[in-house]
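Colleague: The structure that follows is given in the form of structure tokens.
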Amino acid sequence: MCISIHCVNDFQKTYTVSYLTKKQKKNEGELPQYYVENSHPAIISPEVFDLAQAERRHRRESGQRYSGVSIFSSKIKCGQCGGWYGSKVWHSNDKYRRVVYQCNHKYSNGAKCTTPHLTEDEIKAVFIKAVNELLSEKKELLDNIGIIRKTLCSTKALEHEANGLYDEMSMLAELTEKCVIENSRQPLNQQEYQRKYNSLVERYETAKARYEDVNKQIELRKAREKVLSAFTDAVKNHTGVITEFDESLWGTLVDQIVVHGRGDVRVVFRDGSEVKNEEFTKSKAIF
């Protein structure tokens with residue numbers, strides 16, 4: 001049994017099997033385990049922790065594979081094959097050494113992706129231009145995010161359905177138990193008993209599957225709400241034009257950059273907005 005009090009510190013992870021030998025054993029449910037809140041200073045704030053968990057769920061939902069090599073990892077996608085861009089070092093042993101980002105599947109299976117590479121400075125330039133364009137219509141942007149949060153992030157209907165499904169599962173479990181007890185006390189027609197039993201179990205499993213699916217949807221919507229909440233705060237708190245790369249804004253605002261080709265680099269933001277950078281159409285030299 002585990003008594004949870006907003007866990008921070010975990011007590012009684014192990015216990016003494018013999019007070020004579022002082023032998024210790026891992027607690028696997030033999031004794032209560034207690035979690036105590038605020039037993040020591042937090043390394044990170046609860047808000048940052050919640051946002052990190054929301055980000056993990058968001059990546060799960062979108063199928064993103066996270067790599068912590070750099071802030072650009074798992075953020076830049078090839079618009080041709082759908083693969084992620086990764087960092088590559090060119091001229092590693094001479095004065096022309098530089099790091100570029102290109103599709104990880106560019107030369108895979110003999111099929112070459114034609115999407116161009118990007119340097120770190122070019123990625124930052126794309127970001128700055130896109131964010132300034134995004135923020136140029138701040139009021140309309142915030143209004144749209146508000147609508148998205150009310151419609152796509154609301155969990156009220158799902159939670160109502162989950163409560164109904166839980167009640168139904170409890171009722172079916174009780175009926176199944178009564179069915180088994182009744183059959184054990186006075187043997188019934190076994191074919192009839194089996195039919196009734198199977199029907200109850202099937203209904204329970206159907207309700208359970210839906211209950212789990214609904215709770216997953218609730219979890220994903222709550223994660224999206226946290227991400228959009230952070231997005232909204234970042235937009236509200238920023239004023240003026242961005243002139244240099246901001247790592248915090250990058251992590252909060254950008255979902256991914258999709259590279260389709262020269263002159264077609266699109267920044268997709270957390271709220272679903274997409275800004276196409278057409279500046280590179282005029283100048284291909286940067287690629």
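Taken together, the values in this text are just the output of simple stated rules run on the coordinates, not laboratory data. Being a predicted model, the structure only gives us computed values, none of them experimental. Note that we place each Cβ from the backbone using ideal geometry, even for glycine, and neighbour counts take in every protein chain shown.
Colleague: Once fully extended, how much extra length lies between V99 and E140, figured as 0.36 nm per residue of separation less the alpha-carbon to alpha-carbon distance? All intermediate terms of the calculation are to be shown ahead of the outcome.
Modeller: Numbers: separation 41, 0.36 × 41 = 14.76 nm, distance 3.79 nm.
Working it through step by step, the gained length comes to 11.0 nm.
Colleague: What distance in nm separates the two pseudo spin-label positions at T243 and I218, each 7 Å out from Cα along the beta-carbon direction?
Modeller: 5.0 nm
Colleague: What is the local net charge at V99, summed over the other residues whose Cβ is closer than 9 Å to its Cβ (Lys, Arg +1; Asp, Glu -1)?
Modeller: Summing Lys and Arg as +1 and Asp and Glu as -1 gives +2.
Colleague: Right, another one. Taking 0.36 nm per intervening residue step and subtracting the Cα-Cα distance, what contour gain separates K276 from S170 on full extension?
Modeller: So the chain would gain 33.0 nm between K276 and S170.
Colleague: So, one more: Based on the Cβ-Cβ distance from K112 to H91, what FRET efficiency comes out when R0 is 30 Å, to the nearest 0.05? If you can, show how the numbers build up before the last one.
Modeller: On the way: r = 21 Å, r/R0 = 0.70.
Calculated transfer efficiency: 0.90.
Colleague: So, counting K/R as plus one and D/E as minus one, what does the shell of residues with Cβ under 13 Å around S199 add up to?
Modeller: Net charge in that neighbourhood comes out at 0.
Colleague: If you add up the charges near A173, with Lys and Arg at +1 and Asp and Glu at -1, over every other residue whose beta carbon is less than 12 angstrom from its beta carbon, what do you get? Show your work: numbers first, answer last.
Modeller: On the way: positive: K178, R203, K208; negative: D167, E168, E174, E177, E205.
Summing Lys and Arg as +1 and Asp and Glu as -1 gives -2.
Colleague: Related question: Provide the per-residue ³J(HN,Hα) series for region 199-205, in order, calculated from phi with Karplus coefficients 6.51, -1.76, 1.60 and θ = phi - 60°, each as a whole number of Hz, with x at glycine and proline positions.
Modeller: 5, 5, 5, 5, 5, 5, 5
Colleague: At a Förster radius of 41 Å, what calculated FRET efficiency corresponds to the Cβ-Cβ distance of S70 and V201, to the nearest 0.05?
Modeller: 0.20
Colleague: Would you please state which residues of region 214-253 a label at I147 would reach in this model, taking the label point 7 Å out along Cα→Cβ and a backbone N cut-off of under 18 Å?
Modeller: 228-229, 232, by backbone N distance to the label point.
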